[in-house]
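Some notes on the structure that comes next.
The values are calculated or read from the model by the stated rules, or taken from the named source; none is laboratory data. Since this is a predicted model, take the numbers as computed values, not measurements. Glycine also receives a Cβ, built like all others from the backbone with ideal geometry; neighbour counts cover every protein chain displayed.
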Amino acid sequence: MHTRLLSFLSDLQNALLADDPAPGDGGSWSCGRMVNYQLGLARMTLAVDLPTGGREARGTVMLQSYALADGTPCLKAVLGWTGRENTQIRPIYARPEVDWRREARQVAAEWMAGPPAPAAGTGNGQPDTAEERAVLVG
């Protein structure tokens, strides 16, 4: 299953290029990838090279490949956006009928849609926002 990491990142990058070929009013995507097959981890950093010559960081997609308790392989995508604390986690289960390119397109669309709204509260007694944590520390 670990060999799926790099090909999934490639499919994800291709989906971003297809959905938004010129981000930032004429810019181009700049994607950096890191893969550790031994640990089953991968990361893609996403930025836009602007026409003015600058670079604007946009976020990350991290992947973790692992086996469930019954031995079924699973790929977990963690979507993150620059300047935002909240992330979105999306598991992808390896089933015979799974279309990996379609899954990569869906993950790309979810990332392009932006971060989810912060939850009103988890109810676990822990602070949910940076402000709530600062009040507890302060």
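Looking only at the stretch 85-97, which residues are modelled with pLDDT of 90 or more and either surrounded by 14 or more Cβ atoms within 10 Å (Cβ to Cβ) or within 14 Å of MET112 (Cβ to Cβ) (or both)?
Passing the criteria: THR87, GLN88, ARG90, ILE92.
What strands (runs of 3 or more DSSP E) completely inside the stretch 20-73 contain at least 2 residues that are exposed (fewer than 12 other Cβ atoms within 10 Å of the Cβ) and free of Cβ contacts under 8 Å to residues at least 60 places away in the same chain? Explain how you work it out, then say what you get.
Working: elements: 28-36, 41-49, 55-67.
Where strands (runs of 3 or more DSSP E) fall fully within the stretch 20-73 and carry at least 2 residues being exposed (fewer than 12 other Cβ atoms within 10 Å of the Cβ) and free of Cβ contacts under 8 Å to residues at least 60 places away in the same chain, they are 28-36.
Taking the stretch 98-138, which residues are exposed (fewer than 12 other Cβ atoms within 10 Å of the Cβ), at pLDDT below 85 and part of a loop (DSSP other than H, G, I, E, B)?
Passing the criteria: ALA117, PRO118, ALA119, ALA120, THR122, GLY123, ASN124, GLY125, GLN126, GLY138.
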